Amino acid sequence: MSATLTLLHDGRSDEIAVADPARPAIPADSLEETLGWDLQPEGLCRGMVCVPVDQSALVRGDGLDLGVLADALQRPLVTDEQHAVAALGASHHERGEALTSLEAPDFTLPDLDGNLHALSDQRGKKVLLVAYASW
């Protein structure tokens, strides 16, 4: 039995076919297109950077184990089997670089009238961001 899983990563989403949404595996032939990494004998590679990985744990009959892949790349992974969604977060290295730069990532949100406002429109100005959650 095959299901479609929505993989949220790097500001985008991809639909991938998986055999088990509880333990998703990404097809090996779509790894580079989807995440930008390539599986080589020395590990997961992107350009000149290679990350060693236990390929016996990574490679399964239905593809590459997404949990093992996330661990190897030091990226947090959250899966929701019921909704067939997985979210692959940024690595601690990427998050650290963002904190070092002291520059907030750009985002766009609507105001109460539905007009869109991007944070990048405010560059060079002092901005106060207020976040609220009801929980």
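The values are calculated or read from the model by the stated rules, or taken from the named source; none is laboratory data. Small disclaimer: the values here were computed from a predicted structure and weren't measured. When we count neighbours, we look across all protein chains shown, and the Cβ atoms used for this are built from the backbone with ideal geometry, even at glycine.
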request  = Evaluate the following for Asp71: is it among the acidic types (Asp, Glu), under 30 Å from Ala3 (Cβ atoms), surrounded by 10 or more Cβ atoms within 10 Å (Cβ to Cβ) and touching a Leu at 6+ places or on another chain (Cβ under 7 Å)?
outcome  = no
inquiry  = touching a residue at least 12 places away in the same chain (Cβ under 8 Å) and closer than 17 Å to Thr4 by Cα: is that true of Arg23 in this structure?
reply    = yes
inquiry  = So, Ser13, is that one exposed (fewer than 15 other Cβ atoms within 10 Å of the Cβ), part of a strand (DSSP E or B) and not aliphatic (A, V, I, L, M) or not?
reply    = yes
remark   = Restricted to the range 20-65 and to residues being exposed (fewer than 15 other Cβ atoms within 10 Å of the Cβ) and of a type in the set (Gly, Ala, Ser), the residue modelled with the lowest pLDDT is Ala22
Wholly within the range 40-114, strands (runs of 3 or more DSSP E) carrying at least 1 residues that are of a type outside the set (Val, Ile, Thr) and farther than 30 Å from Leu129 by Cβ = 43-46, 49-51, 63-65
inquiry  = Go through the range 89-135 and report how many residues are more than 26 Å from Thr6 (Cα to Cα), surrounded by 10 or more Cβ atoms within 10 Å (Cβ to Cβ) and either among the basic types (Lys, Arg) or touching a residue at least 24 places away in the same chain (Cβ under 8 Å) (or both).
reply    = 2
ask   = How many residues does the range 44-67 hold that are within 19 Å of the chain's Cα centre (by Cα) and of a type in the set (Gly, Ala, Ser)?
value = 3
